[in-house]
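Trainee: Handing you this structure, nothing more for now.
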Amino acid sequence: MALGALSTSGEAAVVARGLTKRFGDLVAVDGIDLDIRRGEVFGFLGPNGAGKTTTIRMLCGIMDATAGEARVLGFDVRSQREPLKARIGYMSQRASLYADLTVVEQLDFYARVYGLDARTRQEKVGGWIESSGLAGRERDMVATLSGGWRQRLALGCAIMHHPDLLLLDEPTSGVDPLSRRQFWDLIYRFADEGTTVMVTTHYMDEAEHCDRLAFIYGGRIVAEGAPEEIKRAHLPGDLLAVTAPEWMRALEASRALPYVRDAALYGTTLHLLVADAETAVPALARDLAAAGVRVDSIAPIVPTLEDIFVTLTGDIPGGGPDG
Amino acid sequence: MRAPPEPAVVIQDLSRSFGPVKAVDRVTLSVAQREVFGLIGPDGAGKTTLLRMLAGILNPSGGRATVAGADVHAQPELLRRQIGYMPQSFSLYRDLTVRENLHFFAEIYQVPGGEMASRTERLLAFSRLGPFERSLAEHLSGGMRQKLALACTLIHEPRLLLLDEPTTGVDPVSRREFWSILYDLNRQGTTVLVATPYMDEADRCTRIGFMFGGRLLSVAPPAGMKVQMQGEVLEIVAEPRRRALAVARGLEVVRTGSIFGDTLHLTVPDAASAEPQVRAALERAGIPVRSLRVAPASLEDVFIALMGQAAR
Ligand SMILES: Nc1ncnc2c1ncn2[C@@H]1O[C@H](COP(=O)(O)OP(=O)(O)OP(=O)(O)O)[C@@H](O)[C@H]1O
Ligand SMILES: [Mg+2]
């Protein structure tokens, strides 16, 4: 499909067609199409090595595509890099901060890179320190900041120039549960102000917060849509939750049963994928008891995105790009 | 009667300061053989500093610790042979391939030749790095590199593992496979001490320690942690979620509120009295409530609540 016709719509923040990246023989991104609407929080999910970072780098104009094309905020990522860079904010997977600067110096550095004048700089830097909860740490050296604070600082650096599109690559990896929530509060705030956000994450509870999602696997998009749509479309069977005091034994016993297609642990609860919940519940109760495994409860449940992730990327019949 | 076996880790009043900052402040803890002990706490609580002292990499400023029978201060050589330590940023050899990295670490730790092949295959399988065994480490994605680091730590099957946020950036499927390897090692006798930001991982530990501001504030099995939480959790399904959250947070009875997967979790002092207030406020704001129930506290709720209690 030609991009020219789409780029005039003004509605899309990102349009990619047949976007491809090869490293030697390896096809890291394999002809993907993406459409991200303005104002949307778009989650980009997939297993390690699926091509998420590579895609984002191409969309930022940092890395050349081997084939295909992409328009970001109406700019061609190949030929219009400079104006594009002025309108996007990118936070890389390993945000490279300068360890020997203080928090304020770091923010100010980025504000200068984006050519803000002294007054705006001061306003922006002060504003971010206030709103991101960094107050009190202005003079701390970046090297001494722990995970959550570093991530907030890195986000601050990416938004100094008030971009229209934020590309966040695993912004919450290694961040504690409370900081993670606070970080998402910040993301929402930008979204509410009209900023488009594309974000990668391995936390499936975070993925539930996105307006729309795409799953990439082996360089190809294997599922796309709102979280609810994806759940409806991609689970090949019914899901049961089983709780048992000896959950490791229960897991092993369940895996041995022919009608259990997949068994996985969520914390200490088992999730079992079966063809039909109604027949499987009594069968399980019987078979686990016969195997000497005590069970507290067996109940059908609504799938979480993590169940879908396993289905889409695991070796489960009906899942995966070739399934 | 036989004497109980020596604990795997004995920590007595262990402290470490950096200038005026008490990164670890008089921590006392004993971890039994074959435990899987989880360390949780906010960023900067002191988990990494504690683990580094236990690995014999950082000297304590006070107190003492014995790990796998070795004194961390006096016997660092002995200590290092007994343990596997995975720091937060593990140094792989970027110019070696995946397989070469594994062999390199196997050699340092003198893995018997006959064991090499089967361990390597198993670790390549869990990490799904098999197809990449000939790729240079520097060409791997972030999560793939993390998994290779894990594999390198596990290759000598040490008696005690000290793991500092080992699954950061690792995808959900590999994360599980990693934990199933941990359990297998554990069943064969390995003791595990692991710091993690993932509450579902903490939930699988035999006991959890919550650190805050350098102190070890509480130690309990996961179920015991949940009991310590003051207040109750209301779980709400209401759309639009974000607006519902804003309304709920504005209420006096709501201590903390957050989005939890596709629901809202509110902690309140008393569910029975809070419920009608929350329901009324949402309805006043024109937000239909699809369901509202008292939910069992998850470890994530507990974490948030403990943070609030510790900060007060
Ligand atoms: N410079 C490079 N040279 C060779 N191969 C590369 C290079 N950069 C990335 N790759 C490969 O491209 C594939 C996709 O990597 P990418 O970093 O995009 O994955 P990802 O989805 O971001 O993974 P993660 O979740 O681990 O961050 C991987 O197989 C990786 O090894
Ligand atoms: Mg990546």
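The values are calculated or read from the model by the stated rules, or taken from the named source; none is laboratory data. For clarity, every value in this text was computed on a predicted model and none was experimentally measured. Every residue, glycine as well, gets a Cβ built from its backbone with ideal geometry; the counts of neighbours run over all protein chains shown.
Trainee: What single numbered condition from (1) surrounded by fewer than 12 Cβ atoms within 10 Å (Cβ to Cβ); (2) in contact with a Gly (Cβ under 6 Å, 6 or more places away or on another chain) fails to hold for B:Asp95?
Mentor: Of (1) surrounded by fewer than 12 Cβ atoms within 10 Å (Cβ to Cβ); (2) in contact with a Gly (Cβ under 6 Å, 6 or more places away or on another chain), only one is false for B:Asp95: (2).
Trainee: Which residues, counting only those in the range B:176-202, are at pLDDT below 90 and not in a helix (DSSP H, G or I)?
Mentor: Listed by number, the list holds a single entry, B:Gln188.
Trainee: Tell me, yes or no, whether the range A:198-212 has at least one residue that is farther than 26 Å from A:Glu306 by Cα and either among the charged types (D, E, K, R) or within 16 Å of ligand 2 (Cβ to nearest atom) (or both). Full working, then the answer.
Mentor: As a first pass, look at the range A:198-212 and keep what is farther than 26 Å from A:Glu306 by Cα: none.
Within the range A:198-212, not a single residue is farther than 26 Å from A:Glu306 by Cα and either among the charged types (D, E, K, R) or within 16 Å of ligand 2 (Cβ to nearest atom) (or both).
Trainee: Any idea which of (1) more than 13 Å from chain A (Cβ to nearest Cβ); (2) under 25 Å from the mean Cα position of the chain (by Cα); (3) within 16 Å of ligand 1 (Cβ to nearest atom); (4) in contact (Cβ under 8 Å) with a residue 40 or more places away in the chain is the one B:Leu124 doesn't satisfy?
Mentor: (4)
Trainee: Another question about this same structure. Name every residue in the range B:75-91 that is modelled with pLDDT of 85 or more and within 14 Å of chain A (Cβ to nearest Cβ), in order of residue number.
Mentor: Correct list: B:Met86, B:Pro87.
Trainee: Also, I was wondering about something else. Suppose the filter is crowded, with 22+ Cβ neighbours inside 10 Å, within 16 Å of ligand 2 (Cβ to nearest atom), among the aliphatic types (A, V, I, L, M) and assigned by TED's automatic domain parsing to the domain that holds A:Pro47; does A:Leu168 pass it? Explain how you work it out, then say what you get.
Mentor: Numbers: crowded, with 22+ Cβ neighbours inside 10 Å: yes; within 16 Å of ligand 2 (Cβ to nearest atom): yes; among the aliphatic types (A, V, I, L, M): yes; assigned by TED's automatic domain parsing to the domain that holds A:Pro47: yes.
Considered against the rule, which asks whether it is crowded, with 22+ Cβ neighbours inside 10 Å, within 16 Å of ligand 2 (Cβ to nearest atom), among the aliphatic types (A, V, I, L, M) and assigned by TED's automatic domain parsing to the domain that holds A:Pro47, A:Leu168 comes out as yes.
Trainee: Only one residue in B:Ser180, B:Ser218 is more than 16 Å from ligand 1 (Cβ to nearest atom), surrounded by fewer than 18 Cβ atoms within 10 Å (Cβ to Cβ), of a type in the set (Gly, Ala, Ser) and within 30 Å of A:Gly46 (Cβ to Cβ), so which one is that? Break it down stepwise before answering.
Mentor: Numbers: B:Ser218 fails: within 30 Å of A:Gly46 (Cβ to Cβ).
Step by step, each of B:Ser180, B:Ser218 is checked, and only B:Ser180 is more than 16 Å from ligand 1 (Cβ to nearest atom), surrounded by fewer than 18 Cβ atoms within 10 Å (Cβ to Cβ), of a type in the set (Gly, Ala, Ser) and within 30 Å of A:Gly46 (Cβ to Cβ).
Trainee: Of the residues in the range A:143-198, how many are assigned to a loop (DSSP other than H, G, I, E, B), modelled with pLDDT of 90 or more and closer than 23 Å to B:Asp171 by Cβ? Outline the logic, then answer.
Mentor: Applying the first criterion (assigned to a loop (DSSP other than H, G, I, E, B)) to the range A:143-198 yields A:145-146, A:160-164, A:170-176, A:193-195.
Okay, now just the ones that are also modelled with pLDDT of 90 or more, so A:160-164, A:170-172, A:193-195.
Filter once more, keeping what is closer than 23 Å to B:Asp171 by Cβ: A:170-172.
Here the count works out to 3.
Trainee: If you don't mind, there's one more thing I want to ask. Among the listed residues B:Arg175, B:Arg207, which satisfies the condition of being in contact (Cβ under 8 Å) with a residue 12 or more places away in the chain and either buried (at least 23 other Cβ atoms within 10 Å of the Cβ) or away from ligand 1 (no atom under 16 Å from the Cβ) (or both)? Give the derivation first.
Mentor: Working: B:Arg175 fails: either buried (at least 23 other Cβ atoms within 10 Å of the Cβ) or away from ligand 1 (no atom under 16 Å from the Cβ) (or both).
Of the residues listed, the single one that is in contact (Cβ under 8 Å) with a residue 12 or more places away in the chain and either buried (at least 23 other Cβ atoms within 10 Å of the Cβ) or away from ligand 1 (no atom under 16 Å from the Cβ) (or both) is B:Arg207.
Trainee: Still on this structure, please answer the following. What's the number of the only condition in (1) buried (at least 18 other Cβ atoms within 10 Å of the Cβ); (2) within 14 Å of chain A (Cβ to nearest Cβ) that B:Ala106 fails to meet?
Mentor: So B:Ala106 meets the others, but not (2).
Trainee: Still on this model: Could you list all residues from the range B:241-261 that are of a type in the set (Lys, Arg) and more than 18 Å from A:Arg189 (Cβ to Cβ)? If you could, list the steps in order and put the result at the bottom.
Mentor: Of the residues in the range B:241-261, the ones of a type in the set (Lys, Arg) are B:241-243, B:249, B:255.
Once the filter is applied, which keeps residues that are of a type in the set (Lys, Arg) and more than 18 Å from A:Arg189 (Cβ to Cβ), the range B:241-261 yields only B:Arg255.
Trainee: Still on this model: Considering only the range A:34-61, how many residues are within 12 Å of ligand 1 (Cβ to nearest atom) and either without any contact (Cβ under 8 Å) to a residue 24 or more places away in the chain or outside any helix (DSSP H, G or I) (or both)?
Mentor: Qualifying residue count, the range A:34-61: 9.
Trainee: Also, quick follow-up: Could you please give the count of residues in the range B:282-311 that are away from every other protein chain (no Cβ under 14 Å) and over 13 Å from B:Leu234 (Cα atoms)?
Mentor: Our first condition is that a residue be away from every other protein chain (no Cβ under 14 Å); within the range B:282-311, this holds for B:282-289, B:292-294.
Okay, now just the ones that are also over 13 Å from B:Leu234 (Cα atoms), so B:282-288.
Final tally of qualifying residues: 7.
Trainee: So, one more: Looking only at residues that are more than 12 Å from every other protein chain (Cβ to nearest Cβ) and hydrophobic (A, V, I, L, M, F, W, C) in the range A:30-55, which one is nearest to A:Leu73 (Cα to Cα)? Walk me through how you get there before you give the answer.
Mentor: Taking the range A:30-55 and keeping what is more than 12 Å from every other protein chain (Cβ to nearest Cβ), we get A:30-40, A:42-44.
Right, trim to hydrophobic (A, V, I, L, M, F, W, C) and you get A:32, A:34, A:36, A:42, A:44.
Numbers: A:Ile32: 18, A:Leu34: 13, A:Ile36: 10, A:Phe42: 15, A:Phe44: 18 Å.
Ranking the candidates gives A:Ile36 first.
Trainee: Which number in (1) closer than 30 Å to B:Arg242 by Cβ; (2) within 12 Å of chain B (Cβ to nearest Cβ) marks the one condition that A:Trp247 misses?
Mentor: Every condition holds for A:Trp247 apart from (1).
Trainee: Suppose we filter B:Val173, B:Val219 for residues that are at pLDDT below 90, assigned by TED's automatic domain parsing to the domain that holds B:Arg122 and of a type in the set (Val, Ile, Thr); which single one remains? I'd like the intermediate steps shown before the answer.
Mentor: Values: B:Val219 fails: at pLDDT below 90.
Exactly one residue qualifies, and that residue is B:Val173.
Trainee: Turning to a different aspect of this structure: If I ask for residues that are modelled with pLDDT under 90 and exposed (fewer than 14 other Cβ atoms within 10 Å of the Cβ), which ones from the range A:113-129 would you list?
Mentor: If the condition is that a residue be modelled with pLDDT under 90 and exposed (fewer than 14 other Cβ atoms within 10 Å of the Cβ), then A:Val113, A:Gly115 are the ones that fit.
Trainee: Can you confirm whether B:Gly231 is in contact (Cβ under 8 Å) with a residue 60 or more places away in the chain and over 26 Å from B:Asp13 (Cα atoms)?
Mentor: Working: in contact (Cβ under 8 Å) with a residue 60 or more places away in the chain: yes; over 26 Å from B:Asp13 (Cα atoms): yes.
In short, yes.
Trainee: Return yes or no: is A:Leu167 more than 13 Å from chain B (Cβ to nearest Cβ), in contact with a helix residue (DSSP H, G or I) (Cβ under 8 Å, 6 or more places away or on another chain) and within 16 Å of ligand 1 (Cβ to nearest atom)? Even if it seems obvious, please write down each step before you answer.
Mentor: Values: more than 13 Å from chain B (Cβ to nearest Cβ): yes; in contact with a helix residue (DSSP H, G or I) (Cβ under 8 Å, 6 or more places away or on another chain): yes; within 16 Å of ligand 1 (Cβ to nearest atom): yes.
Yes.
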